[in-house]
Amino acid sequence: MELPRRARGDELLVPGKMLALRARLRGLSARHDLTTVIVNAFDHRTRVLPFVLADTRLAPGGVRAIGSALADVGFHKTRIVLQQWNRNFSPQQMRLDGRIPDLFLVSSMHLHSAECDRLIREACQIEPDKRPLIMVGGPRIRYEPWHVFGGDRHAAWSADVAVTGEEYVFLDLLNVLLSMRADGESMRSVFHRARESGALDDVPGIVYANRSSRNGPIDELVDTGVQRLLGDMDELPSPVHGFTMLEAPSSAATLASQALPINRVKRHSPIAGIVMTAGCKFRCSYCPIPAYNQSQFRAKSGERIAEEIGQIAETFGIYHFFGADDNFFNNTKRTLDIAGTLAKKARDGRPFCKVRIGTEVTVHDTVGMRDHLPLIREAGFAAVWLGVEDMTATLVKKAQDKDKTELAFRLLRENNILPMPMMMHHDSQPLVTWKSNYGLLNQIRLLRKAGSITTQVMMLTPAPGSKFYENVFESGTAFSKAGDVTVEPHIMDGNYVVASKHARPWLKQINLLVAYTYFFNPIRFLSALVFSKSADVFSSAETRPAEEVKNYSRLKKLRRRFQLKLRAHLIDAGAQIYGMIGLAHTYRRTAGWAWRLFRSDIERHDRAPVSPIPMRGVGDKPSDHALPGTVNLRELGKVAVDGVPAPELAKTA
């Protein structure tokens, strides 16, 4: 089920509201000495292509954004723990500024559910009078917030609140709590008072548990509705602070006395994620992004993005950036504002002339931007990840086809931008076809020929929050078990076949491995050293002052051209090495699943998972984040149904 849209005209915050909230919190922070630990949940079993290696070399933007927001309003006693780097971290042993933190925040994707729940369970084992306020957010919580409340009414562990929105929602909730907090009162205590007084209901974008007694079973979950989105993204706090709060990589269960030193940040996170735009005009049935953004497209200004990049480059020496964009080319005017500003900065020299940026786009919009690609490249965009999905548009139609895809790749390569295709395999697509481009390997071959130095191939998997989600379960497409092994969240990433109507689903799993092996192998590595598909992502104009290049001697220009050509070959060969290392991990983790699908009976879901705990909205409204079929005690009138009292209905929901 897609998230509902707020009333027309009410989707966005009033301009200036975020700035006013930040100013108010700065006034409150002087009276509150808060310590906060933020954890990015990470399940190491998810380390397969195309994420392996890169997943530990980039500090995630979500936790950095929350850390930066806290620092911006005056709460500098904050530490960010990445489970990618700190696998053994234990909430029970965490101490910051010599004490158990006041706030314990967890951010999680659906893939990392097991670790997210473990972190919450451990935090709940802290003595009740010392326990921090537990707040959980991230992509997993946006669509299925009930998961972090223990799984049933009587669970021994539960988060205190789930934040289903962005930074504004978190700061708005913090503002409510600090406005009510008495001197020396714990954050958990003031949260309970705010809940009982109804003050939390005025914060759209959160879900909390209602209980008859403070430590009793959960009666129901209260959903305050879909968030209002921040329209002017320039009002966000600078994300630079987040890098100064990172916990250094360690095998210890405790926190270090100091955060990772500034001069060591680049060593562990040589790539910085940045938010430039949000939203996409396409409405693919398998994608939750358009509904989450309430059909809005938002972007930072070019000047704001340049400011962030400049600060990060000069402070930490990081020159490689990845834009967390849904479709960077979605709006031509916004794109040109960003690209034009960055290109002007690059002409002026360092640090922008050294900056390299990657982002996500679509084939259709890339062709539409053909006249502006030289400017895009001059701005520092060296690689773009294209949602090709299926070149024949049999599965997904985003105005792409074979000719348009090849044209997009040619245009990018002519402008020295690396095209990085993202493919999607499906039940009706064979591995190979003759005299057509429908087969998976046929399409990968065409993409390699067109200039791709890497590729991503995934199986269509049900994504929470998408239109496609419920139908996959209700149609019996989604697997619940293979033999005696339950389908767990850590394998629902598109690398494992967990939803298929194919008579031999194990064959689909083999196809994924064959596709990657066809693309990443020793023969292609050797070939890349001679016949590179890489664009020259470095040019003399970017690495030398313009006048110096103009005055190069013929010999010097030839030598420079040779250096650039050699670098292009090394980039292509390096991508092959990267792919083969990742492929080894992928075989190790997914080949066993293919064998299990081959030899075991497969059990299938017959309905989408719903909250086992009753959910409702504020007052008599239904919950915006509950799937159809979730019990709502107020709708039942809190009366007996078929002789079962309402409190008992919650137990059996």
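Would you pick out the residues in region 91-111 that are open to solvent by 10 Å² or more (accessible area, probe 1.4 Å), in contact (Cβ under 8 Å) with a residue 12 or more places away in the chain and not aliphatic (A, V, I, L, M)?
Passing the criteria: Gln92, Gln93, Arg95, Asp97, Arg99, Asp102, Ser107, His110.
Kindly provide the set of residues from region 207-234 that are without any contact (Cβ under 8 Å) to a residue 40 or more places away in the chain and part of a loop (DSSP other than H, G, I, E, B), ordered by number.
Ser212, Ser213, Arg214, Gly216
Out of all the residues in region 98-149, which are in contact with a helix residue (DSSP H, G or I) (Cβ under 8 Å, 6 or more places away or on another chain) and on the phi > 0 side of the Ramachandran plot?
Result: Gly138, single match.
Given the structure, is Lys508 of a type in the set (Lys, Arg) and either in a loop (DSSP other than H, G, I, E, B) or under 24 Å from Leu3 (Cα atoms) (or both)?
The answer is no for Lys508.
Search region 479-496 for residues that are more than 20 Å from Met423 (Cα to Cα) and touching a residue at least 40 places away in the same chain (Cβ under 8 Å) and pair each with any residue that is small (Gly, Ala, Ser) and crowded, with 20+ Cβ neighbours inside 10 Å when their beta-carbon atoms are under 6 Å apart and the residues are at least 6 apart or on different chains.
If the second residue must be small (Gly, Ala, Ser) and crowded, with 20+ Cβ neighbours inside 10 Å, the pairs left are Pro489/Ser113.
For residues that are open to solvent by 20 Å² or more (accessible area, probe 1.4 Å) and either touching a helix residue (DSSP H, G or I) at 6+ places or on another chain (Cβ under 9 Å) or part of a loop (DSSP other than H, G, I, E, B) (or both), tally how many sit in region 260-272.
Total satisfying the criteria: 7.
Go through region 343-380 and report how many residues are under 22 Å from Glu406 (Cα atoms) and under 27 Å from the mean Cα position of the chain (by Cα).
Total meeting the criteria: 15.
Just to be sure before I move on: is Ser186 surrounded by fewer than 22 Cβ atoms within 10 Å (Cβ to Cβ), modelled with pLDDT of 95 or more, of a type in the set (S, T, N, Q) and under 18 Å from Pro132 (Cβ atoms) in the structure I sent?
Answer is yes for this residue.
Looking at (1) assigned to a loop (DSSP other than H, G, I, E, B); (2) open to solvent by 40 Å² or more (accessible area, probe 1.4 Å); (3) touching a residue at least 12 places away in the same chain (Cβ under 8 Å), can you tell me which one Glu127 breaks?
Going through the list (1) assigned to a loop (DSSP other than H, G, I, E, B); (2) open to solvent by 40 Å² or more (accessible area, probe 1.4 Å); (3) touching a residue at least 12 places away in the same chain (Cβ under 8 Å), Glu127 breaks only (3).
Regarding Ile523, is this residue open to solvent by 70 Å² or more (accessible area, probe 1.4 Å) and at pLDDT 90 or above?
In short, yes.
Do the conditions hold for Ser158, that is, is it of a type in the set (S, T, N, Q), over 27 Å from Arg22 (Cα atoms) and touching a residue at least 40 places away in the same chain (Cβ under 8 Å)?
Answer is yes for this residue.
When region 463-487 is examined, which residues are found to be under 20 Å from Phe282 (Cβ atoms) and either touching a Gly at 6+ places or on another chain (Cβ under 9 Å) or aliphatic (A, V, I, L, M) (or both)?
Correct list: Ala463, Val472.
Restricting to region 297-308, and then to whatever is in a helix (DSSP H, G or I) and not hydrophobic (A, V, I, L, M, F, W, C), can you tell me which residue is surrounded by the fewest Cβ atoms within 10 Å (Cβ to Cβ)?
Glu303
Which of the residues spanning region 263-277 are under 25 Å from the mean Cα position of the chain (by Cα) and of a type outside the set (D, E, K, R)?
Across region 263-277, the qualifying residues are Val265, His268, Ser269, Pro270, Ile271, Ala272, Gly273, Ile274, Val275, Met276, Thr277.
Restricting to region 140-163, what's the tally of residues that are closer than 17 Å to Leu103 by Cα and either among the charged types (D, E, K, R) or touching a His at 6+ places or on another chain (Cβ under 8 Å) (or both)?
Here the count works out to 1.
Mind listing whichever residues of region 439-460 are assigned to a loop (DSSP other than H, G, I, E, B) and either open to solvent by less than 20 Å² (accessible area, probe 1.4 Å) or among the hydrophobic types (A, V, I, L, M, F, W, C) (or both)?
Gly439, Gly451, Ser452, Ile453, Thr455, Leu460
Condition test on Ala515, is it in a helix (DSSP H, G or I), modelled with pLDDT of 95 or more, of a type in the set (A, V, I, L, M) and under 30 Å from Thr590 (Cα atoms)?
For Ala515, the condition - in a helix (DSSP H, G or I), modelled with pLDDT of 95 or more, of a type in the set (A, V, I, L, M) and under 30 Å from Thr590 (Cα atoms) - is met.
Pairs needed: first member in region 621-636, in a loop (DSSP other than H, G, I, E, B); second member anywhere, exposed (fewer than 15 other Cβ atoms within 10 Å of the Cβ); C-beta distance under 8 Å; at least 6 residues apart or different chains.
Listed by first residue and then by second, the contacts come to Pro622/Glu635; Asp624/Pro4; Gly629/Arg607; Arg634/Asp620.
Just wondering, is there one or more residues in region 381-390 that are of a type in the set (A, V, I, L, M), more than 26 Å from Phe321 (Cβ to Cβ) and under 22 Å from the mean Cα position of the chain (by Cα)?
No.
Kindly indicate whether Ala155 is in a loop (DSSP other than H, G, I, E, B), modelled with pLDDT of 95 or more and surrounded by fewer than 20 Cβ atoms within 10 Å (Cβ to Cβ).
No; evaluated as a whole, the condition is false for this residue.
Any idea which of (1) over 22 Å from Asp620 (Cα atoms); (2) in a loop (DSSP other than H, G, I, E, B) is the one Pro204 doesn't satisfy?
(1)
Quick one: is Pro50 closer than 29 Å to Gln296 by Cβ, open to solvent by 10 Å² or more (accessible area, probe 1.4 Å), in contact with a strand residue (DSSP E or B) (Cβ under 8 Å, 6 or more places away or on another chain) and part of a loop (DSSP other than H, G, I, E, B)?
Considered against the rule, which asks whether it is closer than 29 Å to Gln296 by Cβ, open to solvent by 10 Å² or more (accessible area, probe 1.4 Å), in contact with a strand residue (DSSP E or B) (Cβ under 8 Å, 6 or more places away or on another chain) and part of a loop (DSSP other than H, G, I, E, B), Pro50 comes out as yes.
Are there any pairs, at least 6 apart or on different chains, whose C-beta atoms fall under 9 Å, with the first in region 360-381 and farther than 25 Å from Ala272 by Cβ and the second of a type in the set (Phe, Trp, Tyr) and crowded, with 22+ Cβ neighbours inside 10 Å, and if so, which?
Sorted first by the residue in region 360-381, then by its partner, the pairs are Val363/Phe409; His364/Phe329; Gly368/Phe329.
Kindly list the number of the only condition in (1) at pLDDT 95 or above; (2) farther than 27 Å from Tyr286 by Cα; (3) surrounded by 13 or more Cβ atoms within 10 Å (Cβ to Cβ) that fails for Ala541.
Exception for Ala541: condition (1).
Before we move on, is Trp434 assigned to a loop (DSSP other than H, G, I, E, B) and of a type in the set (Phe, Trp, Tyr)?
yes
The values are calculated or read from the model by the stated rules, or taken from the named source; none is laboratory data. In this text the structure is predicted, and so the values were computed from the model without any measurement. No Cβ is skipped: glycine too gets one built from the backbone with ideal geometry, and neighbour counts run over all protein chains shown. The protein model used for the area step is the full one, side chains on, heavy atoms only, and it has no ligands, DNA or RNA in it. Shrake-Rupley method; radii C 1.70, N 1.55, O 1.52, S 1.80 Å.
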